[in-house]
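The values are calculated or read from the model by the stated rules, or taken from the named source; none is laboratory data. Remember, it's a predicted structure, so these values are computed and weren't measured experimentally. Positions of Cβ are backbone-derived with ideal geometry, glycine not excepted, and every protein chain shown enters the neighbour counts.
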Amino acid sequence: MRVRNWIAVVVSVLLLAAAGGIAIAVNRRALSAADAVHRADTTELGTNNATLTGQLQLLSAQELAQVLAEHALSLVKGDATDHAVLVNAAAKSSTFQYGMMLTALDGSVLNASRSAGLPAAGDAGWAPMRKQFAGGAHVGFSSVMTVEHIPIAAVAVPIVVHGSPAAFLIGFNQVAITSLQKYTQQLQSDNHRTDVVDSSGTVAASSTPDMVGGRIDAAIIGRLGRTGTSFVEYRSGSTDMIAIVVGGLPSGYTYVRSQTKSDFDGAVHRRSQTVNITLVAMLLIGVVGISVLGYRTQIQRRRADERFQALFQHAPDIVTVIDREGTMIFTSPSSAAILGFEHGLLTGQSVFALVHPDDQPAMRERLEVLLGDPAGVLRLQCRVRASSGHYRWFDFTASNQMANPALTGVVINARDISENRAFQERLAHEAQHDPLTGLPNRRRMQDALSSSLRRDPVAVLFVDLDGFKPVNDVHGHEAGDELLRQVAERLSGCIRAGDVLARVGGDEFVVLMPGVLSQDDVAATANRVRTVVEMPFRIAGQQIGIGASVGVHMAGPAEDPDSALRAADHAMYQIKRSGGSRGLRTVLESIGRHRAAD
C-alpha cells in the first residue's frame, strides 16, 4: 500500500508539475499575444493621429493659397500694394497672424508684413523647406526657428507665373498658439506625452505646453525623418521609457508619443507576473499537500480549474469559443465585468445575436473563410451589444481551432476599443469642422459641393459680412468671435433641411442648395440671409449692427466645383463693391421708385 501511495504521490506530483509548466507556458503565450495586440493597437492609433496631424499642417497651407487666389501680387521689391496685401492677410489669418513674407526664388526678401522679428535668411530652419521645394513639393515647411525668444515656424507655397514658380509666399505661425498645438494639447494624459517634432528634434506641438520650443529626448532624435512607425526604448534618468515614432508626414515633421515602460506594459505584465508567482506557489503547496495528506487526482484537477478560472476572471479581454454555427460553447468570466452578462448566461447562445445587425454580414462572411482555413486567423472590428442594450466597439482576433481536440471550435479574443474609436471619430470630425462655430469648414463644403454636382444642380450663395472688421477693431476679437457664432446660429435657422452651411474664411460663409432650379427660391434664401444678419446683435451688453453681401451662382450638374465657388465669390464681390448689403438695398429702392414714377 505504501508503495502504491508513493507511486500515486509521485504520479500526482509529476502531473501537477506538468500542469503548472503548461499553465506558465500558456500564460507566457497569452502575455506575448497581448503584447503583440497592444503594440499593433498602439501603432494603429499613432498612425491615425500622425495622419490627422499631417492633414492639419496641410490645411494651414490653404490659407496661403487663398491669398494668392484673391490677390494678384506684383512681386516688385518693396511694392506698397503687395505690402498692404500681406498686412491685411496676416491680420485676417487664423494661422499666420505672426506675419507673412514674399521672397524671390533665391530666398531674398521682396516684401513682408512686419519689418522685424522674422528669421534670418541663413537660419538653419529654412533647410527642410528648401529641400522640399527642390524635390518638387507644392508646399514647404520649415523647422522651428527662434526669433527674439519666440519659437515660430514657416509654411510656404510657390507663386506661379506663366506656368513656372517665380517667388514664394511664406506664412509664419507662433507654434505655441497654433491650431495644431490646441489639438495636441487635447491629447493630454497622465500616462503619456504626445509631441510633434521637426527634423532637428525641436518640439513644435506638445500635450505638455511647456515642452513647445524645447528638445525631444536625444534617444529619439536618431529616428526622426524616417518614414513608417517604430518603437524606441530608452532610459530617461533612471526611468525606462518607450516611444512610438511615426515619420513620413508631408511636412517632414514626426509624431512621437512617449511614456514610461511600466505604464506602457501596464497591468497585463504585472498580472502575468502575479499569475506566474501564484502558479509556482500553488505547485509547491500542491506537492507538500499531496506528500503529507495523500491527495489524489480529484483535488489536483479542482485546484487547476480554480487557477484557470482566476486567470480568465481577471483578464482584460473576453475569450470565447464558438462552434461552426456561431454558438458560444465557452465564454470567459470577464464577460460579466465587460458586457454585464452573468457568467454562463451567454453559453448556448449565438454570437451573432450580440453583434450589431449592420456588422453581421461581414462577420458571417469572414467566419466562413476562417472555417475553410485550418490554420486561419482573422482580425476585424464590430459592435457588440452589452446587457444594457447599448453597442460598444470591439476588436476581434479569431483563430481556427476546430482541429484542436481540446477546443474544437473557433477561439475569439475580444478587446473593448470604444474609447479609441470615439477618439478617432472626434478627431476626424474636428478636421472637417470650424472650431469656432461648429459649422463644416471649407474642405467639408467642397466635398459636399463636388458630390452634389455629380447629379443635381446646386445654388451656391457666397456670404461676406459687411462691417465685421470694425467690430474686431472696436470691441476686440472675443466680441468678433461671439458675433460669428451668433451669425452662424442665425444662418442655420434660415436654410432648408437639405442645405449645407459652411464657414470658409474669417467672416465668409457659403450656403449650398442642392437641387434648386427656381431663381425665386434662391432669391428668397438670399433675402432671408441678409435680413437675419442685418438684425441687431447683442454682444457683451451692446447692440451691434452689420450687413451681408450675398453672391449667388446657379451651378448646373457636372459643373466644376471650384468654378462654381469662384463665380459665387465674384458675384459677392460685385455686390460688395456696390456698397454691400446696404448698397444693394439702395439700388433696389431706387429701381422701385423709378418703376413707381413710370
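Scanning region 532-542 for residues that are modelled with pLDDT under 90 and either out of contact with any helix residue (DSSP H, G or I) (no Cβ under 6 Å at 6 or more places or on another chain) or closer than 19 Å to L517 by Cα (or both) turns up G541, Q542.
Please state which one of A386, A353 is farther than 25 Å from A34 by Cβ, surrounded by 11 or more Cβ atoms within 10 Å (Cβ to Cβ), in the same structural domain as V321 (by TED's automatic domain parsing) and aliphatic (A, V, I, L, M). Steps first, please.
Working: A386 fails: farther than 25 Å from A34 by Cβ.
The conditions single out A353.
Contact map, region 371-382: first residue in contact (Cβ under 8 Å) with a residue 24 or more places away in the chain, second residue in a loop (DSSP other than H, G, I, E, B) and loosely packed, with under 11 Cβ neighbours inside 10 Å, Cβ cut-off under 7 Å, separation 6 or more or different chains; pairs are P374/A403.
The set of residues in region 344-357 that are in contact (Cβ under 8 Å) with a residue 24 or more places away in the chain, within 32 Å of the chain's Cα centre (by Cα) and not in a helix (DSSP H, G or I) comprises L354, V355, H356. Do we find a residue being more than 30 Å from the chain's Cα centre (by Cα), loosely packed, with under 14 Cβ neighbours inside 10 Å, at pLDDT below 85 and on the phi < 0 side of the Ramachandran plot anywhere in region 336-343? For region 336-343, residues more than 30 Å from the chain's Cα centre (by Cα), loosely packed, with under 14 Cβ neighbours inside 10 Å, at pLDDT below 85 and on the phi < 0 side of the Ramachandran plot: present. Comparison of G54, G21, G46 shows that the only residue that is in a helix (DSSP H, G or I) and touching a Phe, Trp or Tyr at 6+ places or on another chain (Cβ under 7 Å) is G46.
Which of the strands (runs of 3 or more DSSP E) contained wholly in region 526-568 include at least 3 residues that are crowded, with 20+ Cβ neighbours inside 10 Å?
Details: elements: 537-539, 542-544, 547-555.
Of the strands (runs of 3 or more DSSP E) lying wholly inside region 526-568, those with at least 3 residues that are crowded, with 20+ Cβ neighbours inside 10 Å span 547-555.
In region 115-130, the qualifying residues are those that are without any contact (Cβ under 8 Å) to a residue 24 or more places away in the chain and not hydrophobic (A, V, I, L, M, F, W, C), and the one that is nearest to N441 (Cα to Cα) is R130.
Does T47 meet the test of being buried (at least 18 other Cβ atoms within 10 Å of the Cβ) and at pLDDT 75 or above? Walk me through it before giving the result.
On the way: buried (at least 18 other Cβ atoms within 10 Å of the Cβ): no; at pLDDT 75 or above: yes.
So T47 fails the test.
Taking region 163-192 on its own, how many of its residues are over 25 Å from Q62 (Cβ atoms) and surrounded by 18 or more Cβ atoms within 10 Å (Cβ to Cβ)?
1
For region 403-423, how many residues meet the condition of being among the charged types (D, E, K, R) and surrounded by fewer than 16 Cβ atoms within 10 Å (Cβ to Cβ)?
Step one: list which residues in region 403-423 are among the charged types (D, E, K, R), which gives 415-416, 419, 421.
Still in the list and also surrounded by fewer than 16 Cβ atoms within 10 Å (Cβ to Cβ): 419.
Looking only at that region, the number is 1.
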